[in-house]
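First up is the structure itself, then whatever we jot down about it.
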Amino acid sequence: MKIPARGRILSSWMPPPLEAQPPRERASRSGTINMKEAMEYVLSLPVSTVIVGCDTVGQLEENVRIARDFTPLNEQKLSALSARTEEIKRQALFFRKWQA
């Protein structure tokens with residue numbers, strides 16, 4: 001999977017070393033989600049398109065598989081994902097606090 005925004009938005013957040021990370025679809029650390037969860041969250045909102053970007057054919061195939069197997073998340077799951085990402089959300093939306 002491609003890293004959203006090539007990692008620039010979350011550049012201040014440092015994930016654990018690769019060998020210490022859980023398997024790809026089992027991100028259990030608070031405040032982290034994987035691309036599958038991110039796509040399912042967005043697809044559960046009233047949108048018509050999700051732009052994810054791909055660097056390899058493998059990433060494209062994985063994105064297609066996620067979209068094909070997708071079932072909308074219920075409100076409880078949407079709220080749980082939102083709560084898990086609250087810390088990162090604050091970092092990513094820092095620009096909203098800028099004064100003109």
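The values are calculated or read from the model by the stated rules, or taken from the named source; none is laboratory data. Predicted model only: the values in this text are computed from it and were never measured. Quick reminder, even Gly has a Cβ in these numbers, built from the backbone with ideal geometry, and neighbours come from all protein chains shown.
The table for this structure:
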item: Identity of the residue in region 64-100, among the polar types (S, T, N, Q) and surrounded by 11 or more Cβ atoms within 10 Å (Cβ to Cβ), that ends up modelled with the lowest pLDDT; result: Gln91
item: Count of residues meeting criterion [assigned to a loop (DSSP other than H, G, I, E, B) and either over 19 Å from Met35 (Cβ atoms) or of a type in the set (A, V, I, L, M, F, W, C) (or both)] in region 73-100; result: 6
item: Evaluation of Ala27 against (1) in a loop (DSSP other than H, G, I, E, B); (2) among the aliphatic types (A, V, I, L, M); (3) surrounded by 11 or more Cβ atoms within 10 Å (Cβ to Cβ); (4) at pLDDT 90 or above (one fails), failing number; result: (4)
item: Per-region count, region 45-72, residues in contact with a helix residue (DSSP H, G or I) (Cβ under 6 Å, 6 or more places away or on another chain) and in a loop (DSSP other than H, G, I, E, B); result: 4
